[in-house]
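What follows is one structure encoded as structure tokens, with my remarks underneath.
The values are calculated or read from the model by the stated rules, or taken from the named source; none is laboratory data. Bear in mind that the values here come from a model prediction, so they are computed numbers and not experimental data. Reconstructed Cβ throughout: ideal geometry from the backbone, glycine too, with neighbour counts over all protein chains shown. Each accessible area value is taken on the protein alone, full model and side chains, heavy atoms only, with ligands, DNA and RNA left out. Shrake-Rupley method; radii C 1.70, N 1.55, O 1.52, S 1.80 Å.
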Amino acid sequence: MSNSAAYVEGAVDYSTKIPNNVGLASDARVLKALEQWHPGYIDWWMTMGPDGFQTSEVYLRTAVSIDPKGWAQFGYVKMPEYRWGVLLAPQDEKRQVNFGASKGEKAWQEVPGEHRANLRRLIVIQGDTEPASVEQQRHLGKTAPSLYDMRNLFQINVEEGRHLWAMVYLLHKYFGKDGREEAEGLLQRRSGDADKPRMLGAFNESTPDWLSLFMFTFFTDRDGKMQLESLAQSGFDPMSRTCRFMLTEEAHHMFVGETGVGRTIERTCQAMNSTGVEDPYDIERVRALGVLDLPTIQKKANLHYSLSLDLFGSEVSTNAANYYNAGLKGRFMETKIEDDHVLTRATYPVLKLVEGAAKFVDEPALSAINMRLRDDYTKDCQGGVSRWNKIIEKAGVKFEMKLPSVAFHRGVGEFSNVYATPDGTIIGKEEWETGRDAWLPSTDDGGFIESLMKPCWTKGKYADWIAPPRVGIDNKPGDFEYVRIHQA
Ligand SMILES: [Fe+2]
Ligand SMILES: [Fe+2]
């Protein structure tokens, strides 16, 4: 990378060990703290990052500026040499606190004392998810259905690593000693570990196969997007700026999820059409074609959607109300919403369990912040599901993918203590036990999916269960070598 990059507006300074656009070179205290944290991070990456590919050369994008249109530079990089850095969206001098009790104040450049503990908690919770997903996905390179897909996986992994850096920067810069301790903790916890698990449920589940990866990046990275969107509204300006830049990276993760599931569906429909299999529920015949039957894809969606809904927390939440009232965490598209942005008198309809059935109940809007964000998330998910259905429809197959009810298979909130079918009917335990394997992936389903996960690492080739993408990354041709594999 040329040195001249440092003189471009919004450009990233690559002259220090830690690429950044926050003037680290003249902030000795924070630079030193980050440099001390760096070896632990690399150690974590080498032991918990992508297994078996640390010496391979991967065609990755690296941020060289924060200009949303031109920040990416593509080139072959060995992942441990990726330039992880600290990148914030530009500061807007006129920005204000846009919601809550302090609405109208100038946005905070330092942490307000009374909000310190809450803000640190929000940063740590977000930060903890970033390395967690890298840990969950670390074995998937070995079964990649193509070099294109392998490259996308690794791109997501290095960017989740950078998101960890983003949160650690905030901790080091604004939270002194306890910030440094929290930053250490982020490297100590492990996804799925019985003694020191990651903080949130979905980030302790395993991601055993590529369909799981695509579902995870579609549903769970999209929860991440919603969380980042609401943190990007924060009155604490450095938080807002760092989340805004993270969102530009996050878009690719959801692209990988949506197109990954879409290409899986496309291939299934193609195989059915070319062999004259018409009934999508004739699972044995569809599977005999070496592709994933649509009902199993639906079950995977049911699982990942319900686990991701849990990440939004309880529908009615005092914490969420406090975060909002304090100006720390807003709503999706906060500044575009037409209301008073204080919400002390407003209400919001919350789906609750009333006398054994799901019913909407008006709750104070402040307490229903989580519910509202979750509703926005559901709408966002529905968009992708509708695009999957277009693929099925175009192929002339009679099947429709559906998001299950929010009451289905929940571990958190209103419906965590009841059993419900995907269409939201509350049922008894026995009925749940009988229906479970029709609604969620069974051991058999898992075994079948696993049997398809044979690596396909030939340039331009794709495993039989997935269709090739429409266009390459960085407009590369179909037979481009996205990963030069050197296995250590
Ligand atoms: Fe992330
Ligand atoms: Fe992500």
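Scanning the stretch 288-304 for residues that are open to solvent by 10 Å² or more (accessible area, probe 1.4 Å), free of Cβ contacts under 8 Å to residues at least 60 places away in the same chain and part of a loop (DSSP other than H, G, I, E, B) yields a total of 1.
Criterion applied to 247, 211, 228 was being within 14 Å of ligand 1 (Cβ to nearest atom), open to solvent by less than 10 Å² (accessible area, probe 1.4 Å) and either under 19 Å from the mean Cα position of the chain (by Cα) or within 30 Å of residue 72 (Cα to Cα) (or both), and the one residue passing it is 228. Scanning the stretch 363-381 for residues that are within 18 Å of residue 224 (Cβ to Cβ) and open to solvent by 30 Å² or more (accessible area, probe 1.4 Å) yields 372, 375, 378, 379, 380. Within the stretch 393-413, the set of residues being among the charged types (D, E, K, R), in contact with a helix residue (DSSP H, G or I) (Cβ under 9 Å, 6 or more places away or on another chain) and more than 14 Å from residue 308 (Cβ to Cβ) comprises 394, 398, 400, 402.
Each residue in the stretch 368-401 was checked for being basic (Lys, Arg), under 24 Å from residue 440 (Cβ atoms) and in a helix (DSSP H, G or I), and 3 pass. Restricting attention to the stretch 183-208, the residues that are closer than 23 Å to residue 120 by Cβ, more than 16 Å from ligand 1 (Cβ to nearest atom) and among the polar types (S, T, N, Q) add up to 2. When 222, 263, 267, 285 are checked against the criterion of being within 14 Å of ligand 1 (Cβ to nearest atom), in a helix (DSSP H, G or I) and open to solvent by 10 Å² or more (accessible area, probe 1.4 Å), a single residue qualifies: 222.
In the stretch 423-478, the qualifying residues are those that are of a type in the set (D, E, K, R) and touching a Lys or Arg at 6+ places or on another chain (Cβ under 8 Å), and the one that is least open to solvent (accessible area, probe 1.4 Å) is 445. Let me spell it out: the conditions are (1) under 23 Å from the mean Cα position of the chain (by Cα); (2) surrounded by 17 or more Cβ atoms within 10 Å (Cβ to Cβ); (3) part of a loop (DSSP other than H, G, I, E, B), and residue 411 meets all of them except one. Which number is the exception? So residue 411 meets the others, but not (2). Residue by residue through the stretch 231-243, note down the ones that are aliphatic (A, V, I, L, M) and within 14 Å of ligand 1 (Cβ to nearest atom). The answer is 231, 232.
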